[in-house]
Amino acid sequence: MQYHTPSSFSEAVTISNSADGLVKYLAGGTDVLVQLKIGNNSPDHLIDIKKIPGVKEIALREDGGWTIGAAVSGVQLTNHKKLSREWPGLVEGMELVGSAQIQSRATLVGNLCNGSPAADSVPGMIAAGATVSVVSSSGTTEVLVEDIPVGPGLTNLGTGEIITAVNLPKRNKHEGDAYLRFIPRTEMDIAVVGCAVNLSLENEVIRSAKVVLGAVGPKVEVATPAAECLLGENLDENILSIFSDKCSELAKPISDKRGSEEFRKEVIGVIAKRAAKKAYDRALGNK
Amino acid sequence: MAKDDITKSFKFIGTRPNRPDGFEKVTGRAKYGADISAVGMLHGAVLRSPYAHARIKSINFEKAAKLDGVKAIITRDDFPKDREGEPLKLLENTIAGEIAYYDGHAIAAVAATSVFTAKEALKEIEVEYEVLPHVIDVDEAMKPDAPIVRKNAGDFSVPEGSSPNVASYIEFGRGDITNGFDKADIVKSGLFKTEAAHQGYIEPHACMAQLDHNGQGEMWVCTQGHWYIRQMCSEVLDLEASKLCVTPSEIGGGFGGKTTIFIEPLALALSKKSGGRPVKIVMSRSEVLRATGPTASASMDVKIGMTKDGYLTAGCVEFRMQGGAFGGSPVSEALQCAFASYNMEAVHHIGFDVLANRPRAAAYRAPGSPMAAFAVESLIDEMCTDLDLDPIDVRLMNAVAEGSKSSYGPKFKKIGLIETLEATKEHPNYSIELGANQGRGVAAGYWMNHGGETSVSVSLAEDGSVNVSVGTPDIGGSRASIALMTAETYGIPYDSVRVNILETGALGFNEPTHGSRATLASGKAVYEAANQTIAEMCRRVAKKWQIDPDAVYWENGYAKPAGPNAGDFTPISIKQIASEMDQTGGPIAGHHESSIRGVGHSFGVHIADVEVDPETGRVTVLRYLVAQDAGRAVHPSYVEGQFQGGAVQGIGWALNEEYVYGEDGCLQNAAFLDYRIPVASDLPNIDTIIVEVPNPDHPFGVRGVGETGIAPPLPALANAVAAATKVRLRSLPMSPTKVLKALKTGNDGC
Amino acid sequence: MNKIHVKTNINGDQVEFLADSRETLLDCLRDHVGLTGSKEGCGTGDCGACSCIFDGELVSSCLVLGVEAEGKSIETIEGMAGQEDLHPLQKKFIEMAALQCGFCTPGILVAAKALLEKNNNPTETEVRYWLAGNLCRCTGYDKIIKAVMETAKDIRETA
């Protein structure tokens, strides 16, 4: 395995395009090193992007949104007070990935590129309407996060296409997000189901909603019909119950060692309901 | 000190000094299995079967052997062909012959100059398999038409018409069962199931071995018992035992799983084949889970009769346990533990040891007892609920005591079940009010404890400090407890004792640190050996004083004249005696070798409080109490530690730990990510009560304390979940998936 | 395979070693530098026995490549005690019997130290969640959590 430390993304793209064999990128490494250990999909070339200027920065853009570098760690996100205040759901999704040790290294972009339908940080990014900046030999484009995963372990990124940053839109008043997951233990498990909800309110009534389900399909899925249940409502028990059922109905999980299909279908509704309530409370300003 | 003094107060025993090996262990200096390297050392790696059951048609390692840095490749052809009986089973489990019996079964091994090269070589070994039908579940394996794991595996005990996968059958009991059930006001029965669990020690197996062509060799290995390693490796490789010197490293947990061999003979064979170069093999976590010795899975029928007042009148059990492809489930121990806590006129036990295409079970903390406790203590709890009786009262009414004839035969000497039950009843945890969706569960557990072959020596250093040499690796503080007992015996400071754990060449045969025996057995042996040196010191002092040796006695580190008739002499300290050894007859040392008996049976009672999320089925442990009779807690902190550690292993087994197999018979959760042992945030504090009813057969009253603690949690949590939800789960683990399903349907389908 | 020359700082000492690019930081610490206090319990970031401080952050050294250590500073269990005395956590772990087999202990000590340096007044729940990535199979965590809480209290009182 050849280890590369490019000092710019264009250099990384060049290395990638000219490399023979499997190329992987190293940011936090918390998935790549596990694959190396197990001996699955061991790359021939590993491109460490951490020496590229700016990759560990969290920047407030002029338009009021945020740009989060590709190698920003979970700890950096959690410690960023303003970002955490504006996007608590997105930050808590990242924070749920692994242990304190993992948090020092793991990144949003890594979590996204690993392509797992159970990735904890991805539903929150999608619910937030986040995009990623993708650089390739033909320049930089902005792609919706929800368009990146295409199946278990698969993304639509081609050879020489590298994500440089995650972009979050400007946060407005009376908006709130939340991410919750279900795991058998209290920590250290992969989500059995997960759900992110992002809401904006007007006079305590939901004006827009995005609901994203994790671990109940081959990839993280946007649950538009579930979000539609919430529009124009102020989230009483009745609406929550309808919403919960809708999420269960939309879920298309499989049975595996982490949970049965039946369990996932049931519990995604429970988790979605709890996440919606949390997001709503946050949007109201009740924390 | 006479044995009848066991109730007296002690100077050192019962105190909590710093453990002698603490410094090394908090600074990273302690050397564990993988921490040693040698000049010229090679790295070993093992090729493992990807199938649950397959005929090995051919192995071609030509390409692998050509890789630069590969020094030796071994297959079954490199091992003796004439092994039989247990050595053959050990060999078969170490490396497959014609057939791979489980996912992860070793097929070949490589030694190379680097780990990477060894692993690359494994990829180049071509194995042609013919996949055979497999069976994983114990009840499936019991069916007459089940795939046959190994032909002619059943021994003489197996009844005619049994499945060919039954390896052995056991049946025993006493009293008139029919009459017993007739006397009952209610008779209840049930089927209970537990899944296989792994010991989950954090240190993977590791060893470094060296073996010359003349059969002389050495090994460094993490093990609970290095004499066992020596014996098993010698049997498997046809070596002369005394020529193999095995040194134990510090051990990173074992819980029974490190009492047998896996990689050790492979490392020796690789060393021999590479011309005697040292070979180190370190297992990966996935290898540990796939290919070491988890405990058995069990399917258990229980039937119990009870009067309306709560007296147990009769009990029957039939336990079916699979212990992997070579037999060896702890079904016999499970049967012995099933009703051991209770006085019951009529009991009947049947057990089947069943083969399945799984790794060969090894011991796991109180082997068999947790499964038995789950079945019996759950059913008793159901009956207490039906009759609206207090579960502790019912256990108190039926509890065995001194003089009771146990359900499996032996008569109990002084035991502490009643005292333990009373202690739990009085503990504040038993009366804390519970909220919605919360429940409390009570359960008892038993382990018979073990003494075993033990050999120790004690020697006086020239300054009067004492070296103790034992053969039981220190897995959780036994150096401290042995030093305390030594200090107590001599009456010298705890810090003046150093406890060493010696290699196989330095002492007689020692059984491993298993069966809760290290403190009990090595302690008893050290007491005997130390008293030999005390007698010798008294003899030398008597000579000096020119009086009869009987006129000298030992107290608090001094030889003293025994009363005015002996003469008026100034007591002589151990320091002075030691400093004059060279003048008085040379070194002073003692030793003791025996099969230690009088182990002191062990009982524990646990109370668990849980909350169940009715929407997700998640069980949260709110509070947990362990009460157990330790006989005498030599170092109470480490006794508490054993209670707490055992309880948490039991909690894991009850809630989330299980071996998950796919349709293909391969283990699906061979990583800590999905083999879910409890993490710190899953748990509350584990409260403890040390009950001390001294063991009359031990000089300090010690009973083994290690094992019992893992048995009660399984039923205590099931009983607590039942109390919280009014739904009874009869199969483990009580994972959220299973609990939620039970909440919907009223039961877990078992 | 050509090896890569790595220059780094470990426990205050300048250290150089040659690493295969596939080797983890844990491999390099153990096999090239001879610091075997960091343990490998899983190799996949699930057990925490290899916990180290890497450029000021708590990491699982099995999930860091050795070659990433170039120019960085690393603290391991071997650097935790002072020349004169043990770290207060180390002392407390011995005093309170917060270890049995001791295999997870180096990782837990390194992780607990990292916590107390951030927050010397954690709640029990915070300690339990912070240490969730450090598996211990012997103790049931009870005495570990209590030892960390007690050390925090001592640190606050002497501060």
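The values are calculated or read from the model by the stated rules, or taken from the named source; none is laboratory data. The structure displayed is predicted, hence computed values, not measured ones. Methodologically, a virtual Cβ is constructed for each residue, glycine included, from the backbone with ideal geometry; neighbour enumeration extends over all protein chains shown.
Brief remarks on what is shown
- Qualifying positions in the range B:622-650 - over 14 Å from residue B:443 (Cβ atoms) and either more than 10 Å from chain C (Cβ to nearest Cβ) or touching a His at 6+ places or on another chain (Cβ under 7 Å) (or both): B:622, B:623, B:629, B:630, B:631, B:632, B:633, B:634
- Of the residues making up the range A:74-126, those that are within 13 Å of chain C (Cβ to nearest Cβ) and more than 13 Å from the chain's Cα centre (by Cα) are A:75, A:76, A:78, A:79, A:98, A:99, A:100, A:101, A:102, A:103, A:104, A:105.
- Filter result (under 30 Å from residue B:705 (Cβ atoms), of a type outside the set (Val, Ile, Thr) and away from chain C (no Cβ under 14 Å)) within the range B:252-298: B:262, B:264, B:293, B:296, B:297, B:298
- Filter pass, residue A:262 being within 14 Å of another protein chain (Cβ to nearest Cβ), surrounded by fewer than 17 Cβ atoms within 10 Å (Cβ to Cβ) and at pLDDT 95 or above: yes
- Looking across B:92, B:128, one residue alone is assigned by TED's automatic domain parsing to the domain that holds residue B:63, farther than 19 Å from residue B:319 by Cβ and out of contact with any strand residue (DSSP E or B) (no Cβ under 7 Å at 6 or more places or on another chain). It is B:92.
- For the residues A:37, A:50, A:56, A:82, the requirement of being within 30 Å of residue A:258 (Cβ to Cβ), surrounded by fewer than 23 Cβ atoms within 10 Å (Cβ to Cβ) and either modelled with pLDDT of 95 or more or charged (D, E, K, R) (or both) singles out A:37.
- Single residue of C:113, C:72 found to be over 28 Å from residue A:38 (Cβ atoms) and either surrounded by fewer than 23 Cβ atoms within 10 Å (Cβ to Cβ) or aliphatic (A, V, I, L, M) (or both): C:113
- Here residue C:77 fits the description: modelled with pLDDT of 95 or more, within 12 Å of the chain's Cα centre (by Cα), crowded, with 21+ Cβ neighbours inside 10 Å and at the interface with chain B (Cβ under 7 Å from one of its Cβ atoms).
- Selected residue (criterion: farthest from the other protein chains (Cβ to nearest Cβ)) from residues of the range B:461-477 that are assigned to a loop (DSSP other than H, G, I, E, B) and of a type in the set (Val, Ile, Thr): B:472
- Yes/no for residue A:273 being touching an Asp or Glu at 6+ places or on another chain (Cβ under 9 Å), over 20 Å from residue A:189 (Cα atoms) and basic (Lys, Arg): yes
- Residues (buried (at least 20 other Cβ atoms within 10 Å of the Cβ) and in contact with a Lys or Arg (Cβ under 6 Å, 6 or more places away or on another chain)) located in the range B:127-141: B:138
- Checking residue B:654 against (1) under 19 Å from residue A:185 (Cβ atoms); (2) within 14 Å of chain C (Cβ to nearest Cβ); (3) in contact (Cβ under 8 Å) with a residue 60 or more places away in the chain; (4) assigned to a loop (DSSP other than H, G, I, E, B), the condition it does not meet: (4)
- In the range B:269-285, the residues that are under 18 Å from residue C:49 (Cβ atoms) and in a strand (DSSP E or B) form Cβ pairs under 8 Å with partners that are of a type outside the set (Gly, Ala, Ser) and at pLDDT 95 or above, at six or more places apart or across chains, as follows: B:282/B:204; B:282/B:205; B:282/C:40.
- Residue B:512 meets the stated requirement of being touching a helix residue (DSSP H, G or I) at 6+ places or on another chain (Cβ under 9 Å), under 24 Å from residue C:103 (Cβ atoms) and not aliphatic (A, V, I, L, M).
- Members of the range A:1-34 found to be among the β-branched types (Val, Ile, Thr), touching a Lys or Arg at 6+ places or on another chain (Cβ under 8 Å) and either crowded, with 19+ Cβ neighbours inside 10 Å or over 26 Å from residue A:77 (Cβ atoms) (or both), listed by number: A:30, A:32
- Residue under evaluation residue B:660, criteria (1) touching an Asp or Glu at 6+ places or on another chain (Cβ under 8 Å); (2) more than 8 Å from every other protein chain (Cβ to nearest Cβ); (3) farther than 16 Å from residue B:686 by Cα; (4) not small (Gly, Ala, Ser), criterion not met: (2)
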